[in-house]
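The values are calculated or read from the model by the stated rules, or taken from the named source; none is laboratory data. Keep in mind it's a predicted model, so treat the numbers as computed, not measured. Reconstructed Cβ throughout: ideal geometry from the backbone, glycine too, with neighbour counts over all protein chains shown.
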């Protein structure tokens, strides 16, 4: 880790000038202060002054980093985070991945909650090794200094697909999201249940989306070109499932009479569409993450992964009798 003398040498000033800049003293010009702070950010310098401020309770700002592809997705998480953070007298900064690294520093914040799959593992590990507390909501890294609070995606997807099999479904399609722990766990749960029931899953029935509605529409269009449409489309999130339902409706394909559709997340619009999905307690996840992060800042948190249970919400989009088709799909 660089020290004040290293910063002073690079900036061409004395160590006392660096100290004055970091402490916001008036005897340092704004130009010099900005120059020194820029060097500190580039070197990921964690000043002792910041550590003292944390210990004395004077620097109390939490950072939440999220992907900016769908901001509505995070409102409940933010609500949970903010309720706990503010109850403990901390402030909250929210940013997207593009500006995350700048704020992951003792110069600005005292810890971060991360829910952004575009934020690289290497950056998170580097910050944790430099003593910056982190709670991750989108992956498990097994790194000291990093706590993970994640959804039990695998078990929830198993419960969903097992229920579909019990209803008589035998021909499945799956719409994945972008590469992430969530997507991998959901697809693994899906495949494991089909294998356990000796149900063949063909590669041509596996589609890839980006968690946005338009990719659900596109997958539905491709499905409609098939000579043998699947009985049910299992989507890795609700937004893509809603896009698929809209595309089917526009082409007079009935849901669930002609094809069943289900998602994952239980978004606000899911109930309007009668979408079978997996309900995730996002508010509680945000609250728990904030609680764990502040415990880490206080030095009292363990780093064991905490898995949050999710439950299947059965609705009309998968309610249909298909007993007459079961034999056909088992041939």
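Scanning region 249-264 for residues that are surrounded by 24 or more Cβ atoms within 10 Å (Cβ to Cβ) and outside any loop (DSSP other than H, G, I, E, B), which turns out farthest from the chain's Cα centre (by Cα)?
Ranking the candidates gives 261 first.
Could you please find all residues in region 198-219 being farther than 17 Å from residue 242 by Cα and part of a loop (DSSP other than H, G, I, E, B)?
Those that are farther than 17 Å from residue 242 by Cα and part of a loop (DSSP other than H, G, I, E, B): 198, 199, 200, 201, 202.
May I ask you to say which residue of 148, 87, 96, 122 is within 27 Å of residue 63 (Cα to Cα) and modelled with pLDDT under 90?
96
Among the numbered conditions (1) modelled with pLDDT of 95 or more; (2) in the same structural domain as residue 202 (by TED's automatic domain parsing), tell me where residue 267 comes up short.
(1)
Considering region 193-218 alone, what residues qualify as being within 23 Å of residue 162 (Cβ to Cβ) and touching a residue at least 24 places away in the same chain (Cβ under 8 Å)?
Passing the criteria: 193, 194, 197, 199, 201, 205, 206, 207.
Of the residues that make up region 36-59, is at least one over 23 Å from residue 122 (Cα atoms), modelled with pLDDT of 85 or more, in contact with a strand residue (DSSP E or B) (Cβ under 6 Å, 6 or more places away or on another chain) and surrounded by 14 or more Cβ atoms within 10 Å (Cβ to Cβ)?
no
Going through region 144-178 one residue at a time, which ones are over 21 Å from residue 316 (Cβ atoms) and free of Cβ contacts under 8 Å to residues at least 60 places away in the same chain?
Residues satisfying the conditions are 154, 158.
I'd like the full set of residues that are within 25 Å of the chain's Cα centre (by Cα) and farther than 20 Å from residue 161 by Cα, limited to region 219-246.
243
When residue 118 is evaluated against the numbered criteria (1) under 14 Å from the mean Cα position of the chain (by Cα); (2) assigned to a loop (DSSP other than H, G, I, E, B); (3) under 20 Å from residue 292 (Cα atoms), which criterion, by number, is the only one it fails?
Every listed condition holds for residue 118 apart from (3).
So residue 219 fits all but one of (1) under 18 Å from residue 157 (Cβ atoms); (2) surrounded by fewer than 23 Cβ atoms within 10 Å (Cβ to Cβ); what number is the exception?
(2) is the only condition that residue 219 fails.
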